[in-house]
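J.: Sharing a structure with you now.
The values are calculated or read from the model by the stated rules, or taken from the named source; none is laboratory data. As the structure is a computational prediction, the values presented were derived from the model and not from experiment. Cβ coordinates were reconstructed from backbone atoms using ideal geometry, including for glycine residues, and neighbour counts include every protein chain displayed.
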Amino acid sequence: MDELDILKKQWQQVKIENDKLTEANDRLARRLADGQVSTIQDKLVRSHARLQYVGLLLPLLAILIYYQLQMPLWVAVLYALFGVVMSVLNILFVNYIKEEQLVTLPVADALRRAAVIKDRQTKLLMCGIVGGVVVLAVFFFFILDVDDSGATLLGAILGLGVGLAISIPKCLRERRMARKLYDSLNEN
């Protein structure tokens, strides 16, 4: 055997080994990406699952609104109803995310479903904002009729400020998670 044949044989062996390493690397990258998708999906579920409990607290606060602030019963019911409706919507959204096993789907289907998750998250946010603005507008309208309206109004404004300071970063973080979920699927 001459040197050229030896070099050809060695080159083919190197090429076969390189192909095997590339396949192993692709499998490992896919497993890591699947783990990342599952982790992001779990974080999104946990984050929205907490919101369902917050919404269920509003009926309890509605009782205080009715008895302590002596607002009309329909305002307290509206406040409680808003909390219950948002809790139900969050429960439905969380269940939808849990049911979607994105890592087991073909990439195109997983991308479509991740886009649906982002879309539903946006719709849930819009429902919360619109409903919250209506409830707060009614609440602030009637708070001016309270005997001690100065202190009550100040407390309501401070509560609104603290609520916004907590909810805006949380909302932005959840939107980033949904976008990251979509992007991590899109990389594969």
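J.: Scan segment 96-114 for residues that are in contact with a helix residue (DSSP H, G or I) (Cβ under 9 Å, 6 or more places away or on another chain), at pLDDT 85 or above and not basic (K, R) and jot them down.
T.: Residues satisfying the conditions are Y96, I97.
J.: Return a yes/no flag: does segment 111-134 have any residue that is over 24 Å from L172 (Cβ atoms) and either touching a residue at least 12 places away in the same chain (Cβ under 8 Å) or not hydroxyl-bearing (S, T, Y) (or both).
T.: Yes: one or more hits.
J.: Is it true that F93 is of a type outside the set (V, I, T), touching a His at 6+ places or on another chain (Cβ under 6 Å) and buried (at least 16 other Cβ atoms within 10 Å of the Cβ)?
T.: Numbers: of a type outside the set (V, I, T): yes; touching a His at 6+ places or on another chain (Cβ under 6 Å): yes; buried (at least 16 other Cβ atoms within 10 Å of the Cβ): yes.
Here the answer is yes, as F93 does meet what is asked.
J.: Would you check which residues across segment 48-59 are over 22 Å from V75 (Cα atoms) and either touching a strand residue (DSSP E or B) at 6+ places or on another chain (Cβ under 6 Å) or surrounded by fewer than 15 Cβ atoms within 10 Å (Cβ to Cβ) (or both) and list them?
T.: R50
Conditions (1) modelled with pLDDT under 85; (2) among the basic types (K, R); (3) more than 15 Å from the chain's Cα centre (by Cα); (4) more than 20 Å from E174 (Cβ to Cβ), marked per residue:
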residue: E23; (1), (2), (3), (4): yes, no, yes, yes
residue: R27; (1), (2), (3), (4): yes, yes, yes, yes
residue: K43; (1), (2), (3), (4): yes, yes, no, no
residue: S47; (1), (2), (3), (4): yes, no, no, no
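J.: Taking L172, is it under 30 Å from D42 (Cβ atoms), surrounded by 15 or more Cβ atoms within 10 Å (Cβ to Cβ) and not acidic (D, E)? Full working, then the answer.
T.: Details: under 30 Å from D42 (Cβ atoms): yes; surrounded by 15 or more Cβ atoms within 10 Å (Cβ to Cβ): no; not acidic (D, E): yes.
No.
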